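Trainee: The following block contains the structure, expressed as structure tokens.
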Amino acid sequence: ADPLQLSPTTAIVVSTYDRTFNVGEEVELICTTDTQYEPTFSWKLDNGQDHKVENQTVTFTFIEYVTVTCIVSNTYGIATGELSITQLDITCKSVDVTVPVPIIGFKTDTTLLECTYITTGGNPLVYWYKGSSTATGTLVIQSVGGVIYPEPGFTRHDIQDQASLVITNTMLSDAGMYWCKVIAFPDGSDEDSVTLTGEVATEPSQPSITFIDGSIISNASSKITMQCTSSGNPTPIYNNSELTINPSDRDDNGRTFTCQAVNFKGSNTEDKTLTIRYKPYFVNVSKNQRSYASKGSVAELRCEIESNPLSSIIWYGPNNQPINIDSRISIKTVSRGTLYESILTIQNTMLSDYGSYSCFAENDIGNTTFIVTFNDKSVPDAPKSIVPITRFYDSLVVTIIPGYDGGDADTTYFIQYRTRRNATFNELNADNSETTNITIEILELDPSIPYECRAYAVNAIGIGPYSNSIMIRTLDEPIVELDHDTTILSWTRHENETYTCVKIETRHVDVTWDVIVKCIDRNILEYKVNDTNREYRITYCTADGFCESREFSALTRTSYRLLEKA
């Protein structure tokens, strides 16, 4: 006898639970043996499936009746044990009707009564009944072997998916309790019910918009909350059932908000247009803050206000007293919606008329004051500054920032420029150059040279003073060299970091240029060529292929080209 029982002689498989299981539920099995000497466990199913777990305890999820085999082995022998799942108390539930809530079917609509099931049997039979039970109810429709047979009087009914009942052109008489029954062999049968309520669908009524906070007429900075309600069957859904504006501002004045209520029968809308009250504020400030006229001429001082409601306006003169209307001085007001313009007209302007005028605007929300400076016409002020826009090898683009034009809109601007070696300035009229507003392009310059630039303005009264001078340097012209001994083509780095690539081209004399390198990084400054008997040139380009308007040759001086895309 072997007191240690080295070789396994038995393997017994049992379930760790003593209860009923449903198909699809996990079952834990344990395999016991009579040897204590390092047994190894493995599992098999009679459907040919191996189980990868090599533990004494294993969990299966069964969807059919099978036999489970446990194999116990060690170096001294092997033993097997079996358990047929039919020996366990497993119930296969055939049907599971899924209806989260009782179903409402609307007249003339399509209604779906869901029914799903789990079964291990083949070719289940599906029946739908209407009534208090399957025994006493009326058979509506059945599915046998996948073929659907509606009963007389139920031609609007169909079965789709697993076992769901579809009723087209639903009628109020379709309401009632429905039963879904499934029979599957050898599992048996199961059934469940769902109640259908029939109702008449109606489209949403005209929505009603009410104000929870604020009102349709509100002051700026207040909170406005609008709520939209509508009736219909089924209950309508909204694009926005509640809308809050917090805080409101003057831009909300005149805005129209629309509530839309929708169900499958249709939709309806309602609009609300807000009126926002706000204190006056001035518009076109830069245009109106200065006025000018020569002595003896007619002057107009303008004050433009936005407000809701409209504002009252009082003009105050340089003596801070309200303007008195007489035969020489008049005030005219023009309103356009919420815009209110007041025009103070002075006939036969006198020296005492010049100075600062105040336009005081007030409504019941608040007030504000606008200052208009009235001066005699004069020569223009010096331009405020000159701003460099773009630097090239032979040109500069600058913008003149103008000063006060002396009361004459017909003012002309000039740019002057010179090198340090020149005593006199060259001059360009902004009207006679390639300009946009007061942007001027200075052409025919030399590369690598700093230029002193200044500007001034001229109107009908005379010539204004110069602006402060600034120094602007043209770009350094690159140096391109070809060393015939080392066959190295070299060049200098471009000042403008926008040009991230260097394009290299080559040709024999009078032959079309060929690109040999489309883009070398700007930080690489040389390239080894194969043939020093050819002509080479480089062009500086951006990463997206736009190249500078000039190429640089290693054998000849600069050649000029139009801007092109590589």
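The values are calculated or read from the model by the stated rules, or taken from the named source; none is laboratory data. Fair warning: this is a prediction, and the values are worked out from it, not measured in the lab. Every residue, glycine among them, receives a Cβ derived from its backbone with ideal geometry; neighbour counts consider all protein chains shown. Heads up: the accessible areas ignore ligands, DNA and RNA and are worked out on the full protein's heavy atoms, side chains in. Shrake-Rupley method; radii C 1.70, N 1.55, O 1.52, S 1.80 Å.
Trainee: Take the alpha carbon atoms of region 154-210, find their radius of gyration, then divide it by 2.2 N^0.38 Å using N residues; give the quotient.
Mentor: 1.71
Trainee: Determine one quarter of the surface area of the Cα convex hull of the chain, which equals its mean projected area, and express it in nm² to one decimal.
Mentor: Taking a quarter of the hull surface, the average projection is 60.0 nm².
Trainee: Also, I was wondering about something else. As an exercise, identify the chymotrypsin sites (Phe, Trp or Tyr not before Pro) in region 272-331 lying in DSSP coil whose Cβ has no more than 15 other Cβ atoms within 10 Å.
Mentor: Passing sites in region 272-331 do not exist.
Trainee: Return the subset of Lys332/Lys377; Lys107/Lys272; Lys272/Lys332 for which the Cα-Cα distance in this structure is over 31 Å, preserving the input order.
Mentor: From Lys332/Lys377; Lys107/Lys272; Lys272/Lys332, over 31 Å: Lys107/Lys272; Lys272/Lys332.
Trainee: What is the dipole size for region 347-427, taken about its Cα centre, with +1 at each Lys and Arg Cβ and -1 at each Asp and Glu Cβ, in debye to the nearest 20?
Mentor: Using Cβ point charges on Lys, Arg, Asp and Glu, region 347-427 gives about 760 debye.
Trainee: For Glu82, what accessible surface area do you get with a 1.4 Å probe? Give it in Å², rounded to 10.
Mentor: Per-residue accessible area (Glu82): approximately 130 Å².
Trainee: What is region 113-251's relative contact order, in percent, from Cα pairs under 8 angstrom and six or more apart in sequence?
Mentor: Normalised by residue count, the contact order of region 113-251 is 19 percent.
Trainee: Follow-up question, since we're still on this one. Using the Cα centre of the chain as the reference point, and only Cβ charges (+1 on K/R, -1 on D/E), how large is the resulting charge dipole? Debye, rounded to the nearest 20.
Mentor: 2700 debye
Trainee: Continuing with this model, one more query. Given the whole protein assembly as supplied and a 1.4 Å probe, what does the accessible area of Glu38 come to in Å², nearest 10?
Mentor: 140 Å²
Trainee: Now for a different question. Name the residues whose placed amide hydrogens come within less than 5 Å of the amide hydrogen of Ser294, ignoring near sequence neighbours (fewer than 5 apart) on the same chain.
Mentor: Amide H to amide H, under 5 Å and 5 or more residues apart or across chains, Ser294 pairs with Lys377.
Trainee: With a 1.4 Å probe and every protein chain left in place, work out the accessible area per residue of region 145-250 in Å², rounded to a whole number.
Mentor: 52 Å²
Trainee: Restricting to Cα pairs below 8 Å that are 6+ residues apart, what does the relative contact order work out to for region 353-410? Please round to a whole percent.
Mentor: Normalised by residue count, the contact order of region 353-410 is 29 percent.
Trainee: Another question about this same structure. I'd like the carbon and sulfur percentage of the solvent accessible area for region 164-301, probe radius 1.4 Å, heavy atoms only, ligands and nucleic acids excluded.
Mentor: Within region 164-301, the accessible surface is 46 percent carbon and sulfur.
Trainee: Which of Asn320, Ser267, Tyr278 sits closest to the plus end of the dipole of region 264-321, meaning its Cα is farthest towards the positive end, when Lys and Arg get +1 and Asp and Glu get -1 on the C-beta?
Mentor: Positive-most Cα among the choices belongs to Asn320.
Trainee: How large is the dipole of region 500-557 about the Cα centre if only Lys and Arg carry +1 and Asp and Glu carry -1, each at its Cβ, rounded to the nearest 20 debye?
Mentor: So the magnitude is around 100 debye.
Trainee: For the chain, give me the percentage of DSSP beta bridges that are antiparallel, rounded to the nearest 5 percent.
Mentor: 95 percent
Trainee: Would you pull out the residues with amide H under 5 Å of Val68's amide H, same chain only if 5 or more places away, H placed 1.01 Å from N?
Mentor: Sorted by chain and number, the residues that satisfy this are Leu83, Ser84, Ile85.
Trainee: Compare the Cα positions of Ala220, Leu243, Ile329 along the charge dipole of region 188-336 (+1 at Cβ of Lys, Arg; -1 at Cβ of Asp, Glu; about the Cα centre) and return the one farthest towards the positive end.
Mentor: Positive-end residue among those listed: Ile329.
Trainee: Taking only protein heavy atoms into account and a 1.4 Å probe, give the accessible area per residue of region 266-376 in Å².
Mentor: For region 266-376, the solvent-accessible area averages 50 Å² per residue.
Trainee: Positive end of the charge dipole of the chain (Lys, Arg +1 and Asp, Glu -1 on Cβ, about the Cα centre): tell me which of Ile504, Thr210, Thr474 has its Cα farthest that way.
Mentor: Thr474
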